Amino acid sequence: TQLLEQSPQFLSIQEGENLTVYCNSSSVFSSLQWYRQEPGEGPVLLVTVVTGGEVKKLKRLTFQFGDARKDSSLHITAAQPGDTGLYLCAGGMDSSYKLIFGSGTRLLVRP
Amino acid sequence: GAVVSQHPSWVICKSGTSVKIECRSLDFQATTMFWYRQFPKQSLMLMATSNEGSKATYEQGVEKDKFLINHASLTLSTLTVTSAHPEDSSFYICSVTLGLAGGHAGDTQYFGPGTRLTVL
């Protein structure tokens with residue numbers, strides 16, 4: 001069974017702080033997606049990375065795909081209360097278009 | 001991307017009744033859709049892959065007779081929870097994949113807003 005482990009599971013920080021969320025697996029993925037989900041809503045796509053070593057930036061968010069395509073990280077600079085939510089990483093498999101979801105990281109940014 | 005809607009957004013039903021949830025791809029003809037369920041404060045669990053014009057593919061441990069999936073058109077997939085019981089109460093979410101049309105990011109999925117089912 002392919003598993004994606006996310007850490008930490010929960011993070012409570014003060015507005016303005018930086019944080020990093022990790023997504024690790026022993027399996028190789030064809031792509032890695034990061035989603036953010038707010039209570040009572042569906043996940044919203046933040047980014048897709050497909051190349052080993054790839055780094056993508058989305059304003060204050062920086063995403064990195066590991067060289068071996070087994071792991072990824074999400075770094076948020078100067079977190080804001082609006083960043084609060086459940087962050088999910090998901091690994092893609094070539095042939096079936098199925099995604100393997102990580103266990104999730106619940107982020108709370110206190111004003 | 002793709003815009004996905006779900007209906008209803010929430011439903012309350014009595015134990016033993018059946019509930020149908022619709023998932024529509026509003027701007028993309030989707031041959032493949034996915035159905036997930038999510039328990040409070042947990043991640044998404046894939047239930048099944050919905051294939052247009054053919055039978056759905058269910059994940060291990062998901063009862064196909066309990067969760068009926070029909071993907072009759074390229075823009076609509078339905079999930080029917082038959083003879084619902086309180087343990088079926090959950091947040092059900094569907095998604096659409098652009099597949100090959102998405103190029104390198106073919107396995108990126110776009111999600112609906114979810115349907116909260118409460119069985120009394």
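Overview of values
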{"read-out": "Hits in the stretch B:51-95 (condition: closer than 16 Å to B:Gly114 by Cα, touching a Ser or Thr at 6+ places or on another chain (Cβ under 6 Å) and within 13 Å of chain A (Cβ to nearest Cβ))", "value": "B:Tyr92"}
{"read-out": "Selection count, the stretch A:65-81, where residues are surrounded by fewer than 19 Cβ atoms within 10 Å (Cβ to Cβ) and touching a strand residue (DSSP E or B) at 6+ places or on another chain (Cβ under 8 Å)", "value": "6"}
{"read-out": "All positions within the stretch A:47-57 that are modelled with pLDDT of 95 or more and aliphatic (A, V, I, L, M)", "value": "A:Val55"}
{"read-out": "Which numbered condition A:Arg60 fails, given (1) touching a residue at least 40 places away in the same chain (Cβ under 8 Å); (2) in contact with a strand residue (DSSP E or B) (Cβ under 7 Å, 6 or more places away or on another chain)", "value": "(1)"}
{"read-out": "Conditions (1) open to solvent by less than 30 Å² (accessible area, probe 1.4 Å); (2) out of contact with any helix residue (DSSP H, G or I) (no Cβ under 7 Å at 6 or more places or on another chain); (3) over 22 Å from A:Leu99 (Cα atoms); number of the one not met by B:Ala2", "value": "(3)"}
{"read-out": "Which numbered condition B:Lys14 misses (of (1) closer than 14 Å to B:Tyr92 by Cα; (2) at pLDDT 95 or above; (3) open to solvent by 70 Å² or more (accessible area, probe 1.4 Å))", "value": "(1)"}
{"read-out": "Flag for A:Thr62 being farther than 16 Å from A:Arg110 by Cα, β-branched (Val, Ile, Thr) and surrounded by 13 or more Cβ atoms within 10 Å (Cβ to Cβ)", "value": "yes"}
{"read-out": "Within the stretch B:38-50, considering residues that are more than 10 Å from every other protein chain (Cβ to nearest Cβ) and within 23 Å of B:Leu98 (Cβ to Cβ), the one surrounded by the most Cβ atoms within 10 Å (Cβ to Cβ)", "value": "B:Ser50"}
{"read-out": "Failed condition for A:Gly53, given (1) open to solvent by less than 40 Å² (accessible area, probe 1.4 Å); (2) away from chain B (no Cβ under 14 Å); (3) closer than 27 Å to A:Arg110 by Cβ", "value": "(3)"}
{"read-out": "Wholly enclosed strands (runs of 3 or more DSSP E) of the stretch A:68-111 bearing at least 1 residues within 12 Å of chain B (Cβ to nearest Cβ) and small (Gly, Ala, Ser)", "value": "A:85-92"}
{"read-out": "Enumeration of residues in the stretch A:1-47 that are free of Cβ contacts under 8 Å to residues at least 24 places away in the same chain, part of a strand (DSSP E or B) and of a type in the set (Val, Ile, Thr)", "value": "A:Val44, A:Val47"}
{"read-out": "Residue tally, condition closer than 17 Å to A:Ser26 by Cα and either out of contact with any Leu (no Cβ under 9 Å at 6 or more places or on another chain) or open to solvent by 10 Å² or more (accessible area, probe 1.4 Å) (or both), over the stretch A:82-110", "value": "5"}
{"read-out": "Of residues in the stretch A:1-50 being farther than 20 Å from B:Phe39 by Cβ, open to solvent by 50 Å² or more (accessible area, probe 1.4 Å) and in contact with a Lys or Arg (Cβ under 6 Å, 6 or more places away or on another chain), the one farthest from the other protein chains (Cβ to nearest Cβ)", "value": "A:Gln14"}
{"read-out": "Residue satisfying all of: in the stretch B:93-120; assigned to a loop (DSSP other than H, G, I, E, B) and in contact with a Leu (Cβ under 8 Å, 6 or more places away or on another chain); modelled with the lowest pLDDT among these", "value": "B:Gly106"}
{"read-out": "Strands (runs of 3 or more DSSP E) completely within the stretch B:1-72 that count 1 or more residues being in contact (Cβ under 8 Å) with a residue 60 or more places away in the chain", "value": "B:4-7, B:10-13, B:19-25, B:32-38"}
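The values are calculated or read from the model by the stated rules, or taken from the named source; none is laboratory data. Just so it is clear, the model here is predicted, and its values are computed rather than measured. Reconstructed Cβ throughout: ideal geometry from the backbone, glycine too, with neighbour counts over all protein chains shown. Accessible surface is based on the protein model in full, side chains and every heavy atom, while ligands, DNA and RNA are left aside. Shrake-Rupley method; radii C 1.70, N 1.55, O 1.52, S 1.80 Å.
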